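So the structure is just underneath, and the comments pick up after that.
Each value in this text was obtained by applying a stated rule to the coordinates, not by laboratory testing. Computed from a predicted model, the values in this text were never measured in an experiment. A quick note on method: Cβ atoms are made from the backbone with ideal geometry, for glycine too, and the neighbour counts reach across all protein chains shown.
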Amino acid sequence: MAVVKRTSDNVLLDTALKNFYAAAEEMGLDDGLVEILSRSERKTCVSIPVEMDDGTIKVFDGFRVAHSTAVGPAKGGVRFHPEVCLDECEALAFMMTWKCSLAGIPYGGGKGGVCCNPLEMSVKEKERVCRTFAARIEPVVGAWTDIPAPDVNTGGPEMVWFMDTISRMRGRLEPAIFTGKPIPLWGSKGRTAATGLGVATCAIELLNALSVPVKGATVAIQGFGNVGTYAALTMVDAGAKVVAISDITGTYYCKDGLDIKKAFEHINNHPKKFLEGFDQAGLEKKALGDLVLVDCDVLLPCALEGAINGKNADGVKAKYIVEGANGPVTPEGDAVLDAKGILVVPDFLANSGGVIGSYFEWCQDLGGFFWSQEEYNERLLRIMKDNFKTVWDYSQKNNVKMRRAAFMAAIQRVADAVKMRGVFL
Amino acid sequence: MDHKEAYRSYDPLPYFRERGWLIGGGSVGGKGKGLAFAHEILMQDELSSEIGLPEVTFVVGTDVFDDFESEHGVLGLSSVFGFHEVEKQVLSKPLPEPIMAELERVVTALPGPLAVRSSSLLEDDIELSFAGKYATFFVANIGDLSKRVSDLADGVKKVFASTYNSAAKEYRKKHSIPKGREKMAVLIQPLQGKKRGDLFYPEIAVTAFSCVFRRPSPRIDKNDGVMRVCFGMGTHSVGRSFARTLYLTNPGLRPEGTNPEQVYLYSQKDFDCLDLTTGELVTKTLVSSLDHVRTNHRNAQAFVEWYGDGMMYWLNSDVSGLTSPMPCFSFTDLPKRCRALLDRTRRMLSFFQGAMGFPVDMEAVYDSEDDRLTLVQIRPLASYVEFGKVEIPEDIPKDREILRGDRMVTSHILKGIKWMVYVDPEVYSESGDFSEVARAVGEINGRLEGERYILVGPGRWGSTNPSLGVPVDYSEISNCGCMVEVGIPKRGMIPELSYGTHFFLDLDLDDILYLPVIDGEHENVFSREWLERNPFTCGDHDAVRLYSGLFDVYLDGEKEIGVVFDVAQRD
């Protein structure tokens with residue numbers, strides 16, 4: 001019997017399902033596995049009554065979805081946004097399953113959120129929303145069941161309130177139940193740099209796989225935020241020459257290589273963390289849009305979604321692109337790059353350093369023992385290298401592009417786990 | 001006689017004359033009147049025990065300005081030269097001898113640093129704003145007597161010269177105020193604050209408004225009152241940046257939200273003060289002055305926090321393990337630690353609003369250690385008439401709806417607008433020459449003199465940070481009838497209404513409507529499709545487009561919905 005394909009009115013969920021069905025078909029995945037993996041294991045809806053500062057009561061809707069726990073406990077963020085709904089959470093939980101699978105960490109996929117506008121709440125109100133939400137989802141989360149993390153409009157403070165609430169309910173400290181906590185309170189060193197380090201590692205591994213020397217390779221990096229800065233620092237440490245960086249204030253180009261450490265110091269001292277005003281000998285200031293057109297070996301788009309699109313892809317001169325941001329290359333852009341023979345390492349693989357960082361925080365919390373920055377980086381590097389190799393090999397063996405290969409390899413690992421564990425519950 | 005009338009007919013001259021504070025004759029201007037009135041009515045109320053006023057306020061009457069004008073003909077110069085040249089010329093001319101003798105009396109009587117403020121005749125008009133159009137200067141009052149007198153005279157002359165700056169000229173033109181009608185009085189007060197090391201400044205500068213016409217959220221009521229606070233001199237709380245906004249009934253709400261990164265980005269990170277060794281107004285960064293702030297401000301932890309790795313940490317935290325921690329003035333604990341400040345500000349606003357019969361706008365300074373609030377300036381806010389109920393037409397075809405927003409809407413209707421000026425967010429962001437875009441908008445604004453238009457652009461108009469919005473000056477947009485700020489979250493360009501800034505006071509007073517639209521958000525429309533489909537001409541910069549047609553604006557403040565649509569095509 002053919003698979004009955006699910007559809008959804010929610011564009012995000014519908015797209016996630018379509019992509020999954022297409023890849024599963026191409027892989028020749030069992031119908032039964034397709035049926036199992038196209039559905040979420042658990043979808044939880046809760047109400048969150050909160051007393052606002054003015055004494056009125058507001059009730060918010062909250063959600064937590066565990067799509068799959070075949071590989072390990074569900075893992076994924078909690079977002080606070082007025083547009084959060086169950087379908088959106090499910091779509092994002094879906095994607096987390098594949099992302100964690102590909103990242104080579106023992107996690108399944110989950111996601112959650114609260115439908116609210118945090119811009120209209122005071123800190124105290126936000127704390128009450130967090131604590132009530134945590135209490136409501138307490139039965140379905142845990143260090144070995146479902147481990148939430150920060151997402152849109154949530155961060156360290158929210159994770160602390162979540163952790164504190166559940167710890168108090170259970171009468172014992174539960175640090176490993178949420179990741180993304182502040183470093184002084186069961187958080188992990190190295191997390192800030194993890195995504196950027198991972199992106200750069202993929203770039204270096206790609207050059208190694210193609211036998212292109214890293215030393216002297218020219219690199220352009222779009223975005224000089226968290227991801228871009230640490231990617232740049234790692235590339236420079238490996239001997240590459242970063243010739244261009246950019247942020248919203250423009251593109252900063254130097255054909256002999258930029259002083260990345262100086263640029264890093266500059267943004268740390270800038271009130272808005274911008275490159276605005278950065279200077280060095282031989283620096284040329286260019287328009288923002290020029291970054292992706294810079295002549296270089298490796299381009300790391302680490303800023304905006306859709307930065308390389310149907311309009312500008314033809315002007316890209318880089319030989320290789322490693323996607324640091326989420327979705328920096330549009331499908332139209334992808335087609336143009338493919339025709340030009342430019343190799344693209346997909347976001348899915350390249351920016352998974354963040355979720356690996358979450359895994360490391362969990363490991364340390366479970367052990368109650370914290371690693372040094374060096375240990376953290378060394379472990380991250382090893383995992384990223386392995387992941388790159390998995391996708392590279394899959395792509396070579398099955399003659400598919402890396403983007404497709406990454407998705408298929410991810411599905412494969414989850415399918416294998418379901419197979420091994422058997423169909424039960 | 002009602003309160004409005006009592007304020008209108010109040011004569012401030014005896015107040016200044018009796019105290020021997022009047023220099024020259026004529027009027028004392030709007031601020032002079034506000035301050036005198038405030039003092040006299042405050043004395044009749046027990047609130048006076050909780051609020052201080054500058055111990056002395058000398059005022060140079062408008063006759064001095066008139067005499068200076070008739071002797072040196074500055075008005076004539078202003079139509080020939082740019083402002084800087086006018087100021088240079090004004091500074092080169094002497095004040096009359098008797099006035100110099102009076103100024104000598106002032107510096108002798110007031111040995112500390114001085115604030116020299118404009119107090120113009122038209123500022124007295126409750127229909128007009130002029131807020132921020134004229135300057136305030138600070139005089140360190142150091143050196144020998146002749147230097148001190150000449151520095152003060154320069155301050156007075158600079159205030160005179162500010163009568164002719166372009167923003168003020170533009171404003172008078174718009175309100176059809178004939179040349180020469182404006183006259184300037186000058187207030188001289190001891191600068192409020194304390195000497196801390198070699199620096200002199202107030203701990204906290206406050207601007208407050210008794211009404212919140214433009215609200216960030218329906219949770220704020222129009223009559224709630226709002227204040228903006230900054231550390232150091234108030235020069236940091238005007239302009240559209242970095243002062244902490246506190247809604248008096250909901251001090252926990254921040255217009256920028258409560259996400260630590262956003263709080264950090266929108267927090268004040270440097271402060272203005274007078275350097276008593278040089279006499280200059282200087283800006284110090286908090287990071288380099290942290291020890292000074294810690295040592296000299298016992299309550300520093302109520303206003304300063306560390307930001308690092310996505311979290312805020314209190315001032316005394318050990319931040320050594322964090323990646324590049326930075327301090328900022330977040331004022332997070334201010335509402336809790338300085339309850340009296342909020343409470344007193346609220347009572348003061350409501351007291352003065354009652355006594356003056358109008359919503360009021362005031363500036364004050366606060367010292368948290370002494371728990372002392374000193375009022376330095378107060379005036380009634382211009383009257384503001386909202387339209388009655390607005391019904392948005394239900395039959396607007398989708399393809400003619402250009403913009404729709406669902407927040408911060410104040411009821412109003414504007415029909416039959418012929419022009420729309422649009423700054424394309426992509427071209428703008430990628431051009432890099434932001435100021436040229438602002439100038440190109442100004443050029444069209446000048447061309448459309450006498451006609452109103454709809455102004456649409458990314459982020460915040462008038463932002464000092466071009467990545468957050470087009471850095472226009474008020475004079476470059478003064479003819480617009482409706483300003484639309486389009487939020488482009490992907491580019492980090494988000495509208496923000498800082499009511500405490502002079503820029504937005506102008507919008508209220510000039511009846512310029514405001515509509516924020518967030519691209520991609522539910523119930524919001526930013527129709528790129530309409531903008532691409534319809535013909536336009538480019539301004540001096542490719543990012544600036546001018547559309548001609550017929551546009552209607554409907555703003556329904558009750559339901560918080562605002563739309564701009566194209567009516568030309570309807571028939």
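Scanning residues 5 or more positions from residue A:345 or on other chains, those with amide H under 5 Å from its amide H are A:321, A:322, A:323, with H placed 1.01 Å from N in the peptide plane.
What 222 nm value per residue comes from the helices of chain B, counting each DSSP H run with n ≥ 4 as -39,500 (n - 2.57) and dividing by all residues, nearest 500 deg cm²/dmol?
Details: 18 runs with 173 residues, N = 571.
That calculation yields -9000 deg cm²/dmol at 222 nm.
Once the Cα atoms are used to define both axes, helix A:123-137 deviates from the longest principal axis of chain A by about 60 degrees. Comparing B:475, B:265, B:431 along the charge dipole axis of the protein assembly as shown, the residue lying farthest to the positive side is B:265, per the Cβ-charge model. Under 19 Å from a label point set 7 Å out along the Cα-to-Cβ vector of residue A:45, the amide N atoms of the stretch A:102-127 belong to A:111-117.
Please give the helix A:353-367 orientation as an angle from the longest Cα principal axis of chain A, in degrees from 0 to 90, rounded to the nearest 10. For A:353-367 against chain A, the angle is about 50 degrees.
Take each residue in B:246-259, count the other chain C-beta atoms within 10 Å of its C-beta, and the mean is 4.
Add +1 for every Lys or Arg and -1 for every Asp or Glu among the other residues with Cβ under 14 Å from the Cβ of residue A:361, and state the total. Once all neighbours under 14 Å are counted, the net charge is +1. Sparse packing (at most 16 other Cβ atoms within 10 Å of the Cβ) combined with a DSSP loop state is found for the following trypsin sites (Lys or Arg not before Pro) in the stretch A:224-266: A:255. Residues whose amide H falls under 5 Å from that of residue A:217, counting only those 5 or more places apart or on a different chain, are A:241, with hydrogens built in the peptide plane. Set the Förster radius R0 to 25 Å, insert the Cβ-Cβ distance between residue B:173 and residue B:70 as r into 1/(1 + (r/R0)^6), and round the FRET efficiency to 0.05. Once rounded, the FRET efficiency stands at 0.65. Based on Cα contacts under 8 Å between residues 6+ apart, the stretch A:40-172 shows a relative contact order of 29 percent. Across peptide A:37-48, the mean count of Cβ atoms from other chains lying within 10 Å of each residue's own Cβ comes to 0. The charge dipole of chain B, taken about its Cα centre with unit charges on the Cβ atoms of Lys, Arg (+1), Asp and Glu (-1) only, comes to about 620 debye. First check a/c for the protein assembly as shown, with a ≥ b ≥ c the square roots of the eigenvalues of its C-alpha gyration tensor; if it is under 1.5, answer rounded, and if not, answer prolate when a/b is larger than b/c or oblate otherwise. Judged from the Cα gyration tensor, the protein assembly as shown comes out prolate (a/c at least 1.5, a/b above b/c). Charge dipole of the protein assembly as shown (Cα centre as origin; +1 on each Lys and Arg Cβ, -1 on each Asp and Glu Cβ, all else neutral): 1920 debye, rounded to the nearest 20. Residue by residue, the stretch B:478-484 carries 3J(HN,Hα) couplings of 4, 8, 6, x, 8, 9, 10 Hz when phi is fed to the Karplus relation 6.51 cos²θ - 1.76 cosθ + 1.60 (θ = phi - 60°); x denotes Gly or Pro.
Only four residue types carry charge here, +1 at the Cβ of Lys and Arg and -1 at the Cβ of Asp and Glu. Report the dipole size of the stretch A:40-172 about the Cα centre in Debye, rounded to the nearest 20.
520 debye
Take the Cα of residue B:101, step 7 Å toward its Cβ, do the same at residue B:449, and the gap between the two points is 4.6 nm.
Positive-end ranking of A:208, B:421, A:341 along the dipole of the protein assembly as shown, with charges on Cβ about the Cα centre, is headed by A:208.
Per-peptide packing, taken as the mean over residues of other Cβ atoms within 10 Å, places A:269-281, B:412-424, A:126-138 in the sequence A:126-138, B:412-424, A:269-281 from highest down. The phi torsions of the stretch A:292-307, fed into the Karplus equation with coefficients 6.51, -1.76 and 1.60 and a -60° offset, translate into couplings of 5, 9, 5, 6, 7, 7, 10, 10, 10, x, 10, 10, 9, 5, x, 5 Hz, rounded to whole numbers, with Gly and Pro shown as x. Scalar couplings 3J(HN,Hα) for the stretch A:244-255, obtained by applying the Karplus form with A = 6.51, B = -1.76, C = 1.60 to θ = phi - 60°, are 8, 9, 8, 8, 4, 8, x, 9, 10, 10, 8, 5 Hz; x denotes Gly and Pro. Oblate is the label for the stretch B:200-336, because the ratio a/c of its alpha-carbon gyration tensor axes (a ≥ b ≥ c) is 1.5 or higher and a/b is not greater than b/c. Considering helices alone, the calculated mean residue ellipticity of chain A at 222 nm is -14000 deg cm²/dmol, with DSSP H runs of length four and up weighted by -39500 (n - 2.57) and normalised per residue. Here residue A:287 and residue B:6 are evaluated by their C-beta separation; at R0 = 60 Å the FRET efficiency comes out at 0.50.
Across chain B, C-alpha contacts under 8 Å between residues 6 or more apart give a mean separation that, scaled by the residue count, equals a relative contact order of 14 percent.
The angle between the Cα long axis of helix A:86-102 and the main principal axis of chain A comes to about 60°, on a 0 to 90 degree scale. The mean number of partner chain beta-carbon atoms within 10 angstrom of a residue's beta-carbon across peptide A:246-257 is 2. The DSSP beta bridges internal to the protein assembly as shown are antiparallel in roughly 70% of cases.
Among A:82-89, A:404-411, sorting by the average number of other beta carbon atoms lying within 10 angstrom of each residue, highest first, gives A:404-411, A:82-89. In chain B the Cα-Cα distances spread across 10 Å bins starting at 0 as 3, 17, 26, 27, 19, 7, 1, 0 percent of all pairs.
In plain terms, the chain from residue A:373 to residue A:238 could stretch by 46.8 nm, reckoned as 0.36 nm per residue minus the Cα-Cα distance.
Remark on residue B:561: its backbone amide H falls under 5 Å from those of B:556, a criterion applied only to residues 5 or more positions apart or on other chains, H modelled at 1.01 Å from N.
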